[in-house]
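Report on one structure; see the data block that follows.
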Amino acid sequence: MGAVVRELYVFRQRGQPGEAVESAWFRRGIGMEGDRHAAGGERQTSLLAGEARDWMEKQTEPGLCFRRYKANLITEGIDTTQLNTGDLLAAGGAVFRVSGYGKKCFPECIYHEKGVFCRLSAGAIFLEVIRDGYVSVSDEIMKLGKKEEL
């Protein structure tokens, strides 16, 4: 089996935990409907490799960004190190363009101080929605390449 959407979260209000949803509408040029981050720009939607999140949950000390990074899509089976800015991903009826890669590490984080590789830094991806569509938990994720227009 290839890559799939493992979980979906909508973040409606600042400071509140994300709400797990089974399906969500992603609007072209905006982001995930109902999410407070859906305001256009290059970081319309966030993705986190499930493997990175699993690693984070096993750590005895949380890194500085473990609670700060809010992922809309948690995936399973996608190698985020093989994604580049401009790559296209399809899930459900939506198509996304990778617009940002990785999470900046902060010097005051315990993992940075100890020189330990943080999987969040490589597992976090930002996306632009380039085709409207619903995405549901268990939908397959396919890498389409780098077409400018579909």
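Placing +1 at every Lys and Arg Cβ and -1 at every Asp and Glu Cβ, with all other atoms neutral, what dipole size does the chain have around its Cα centre, in debye to the nearest 20?
Value, rounded to 20: 420 debye.
Report relative contact order for segment 51-121 in percent, whole number only (criteria: Cα-Cα under 8 Å, sequence separation at least 6).
RCO, segment 51-121: 34 percent.
What is the distance in Å between the Cα centroid of segment 85-133 and that of segment 17-75?
So the separation of the two Cα centres works out to 9 Å.
Please name which of Ser121, Ile30, Cys109 has its Cα lying farthest along the dipole of the chain towards the positive end, using unit charges on Cβ (Lys, Arg +1; Asp, Glu -1) and the Cα centre as origin.
So the residue we want is Cys109.
Please find, in a Gaussian network model of the chain (springs between Cα atoms separated by less than 10 Å), the residue of Ser99, Ser46, Ser23 whose mean-square fluctuation is greatest.
In this elastic network of the chain, the residue with the biggest mean-square fluctuation among Ser99, Ser46, Ser23 is Ser23.
Segment 99-150: which GluC sites (Glu not before Pro) are DSSP loop and have at most 11 other beta-carbon atoms within 10 angstrom? Present the calculation step by step, with values, prior to reporting the outcome.
Values: sites: Glu108, Glu113, Glu128, Glu140, Glu148, Glu149; in loops: Glu108, Glu148, Glu149.
Sites meeting the loop and neighbour criteria: Glu108, Glu148, Glu149.
Expected output is a single nm value to one decimal: the length gained when fully extending between Arg27 and Leu144, i.e. 0.36 nm times separation in residues minus the C-alpha distance. What is it?
Numbers: separation 117, 0.36 × 117 = 42.12 nm, distance 1.88 nm.
Full extension of this stretch gives 40.2 nm more.
Starting from the Cα-Cα distance between Asn84 and Ala20, subtract it from 0.36 nm times their residue separation and give me the gain in nm to one decimal.
20.3 nm
Cut-off is 10 Å between beta-carbons; in what order do Phe66, Phe126, Phe117 appear when sorted fewest neighbours first? Present the calculation step by step, with values, prior to reporting the outcome.
On the way: Phe66 16, Phe126 21, Phe117 11.
Listing Phe66, Phe126, Phe117 from fewest to most nearby Cβ atoms yields Phe117, Phe66, Phe126.
Pick out which of Ile130, Ile110, Ile78 has the largest mean-square fluctuation in a Gaussian network model of the chain, springs linking Cα atoms closer than 10 Å.
Maximum among the listed residues: Ile110.
Filter the trypsin sites (Lys or Arg not before Pro) in segment 74-130 down to the DSSP loop ones having no more than 11 other Cβ atoms within 10 Å, then list what survives.
Lys104
How far apart, in nanometres, would the label points at Ser136 and Glu57 be if each is projected 7 angstrom from Cα along the Cα-to-Cβ direction?
Spacing of the two 7 Å Cα→Cβ label points: 2.3 nm.
What are the trypsin sites (Lys or Arg not before Pro) within segment 25-92 that DSSP puts in a loop, where the Cβ has at most 10 other Cβ atoms within 10 Å? Spell out each step's value before the answer.
Values: sites: Arg27, Arg28, Arg36, Arg43, Arg53, Lys58, Arg67, Arg68, Lys70; in loops: Arg28, Arg36, Arg43, Arg67, Arg68, Lys70.
Here the sparse-neighbourhood loop sites are Arg67, Arg68.
Since every read-out is calculated from the coordinates, none of them should be taken as a lab result. Given the structure is predicted, the values throughout are model-derived calculations rather than measurements. When we count neighbours, we look across all protein chains shown, and the Cβ atoms used for this are built from the backbone with ideal geometry, even at glycine.
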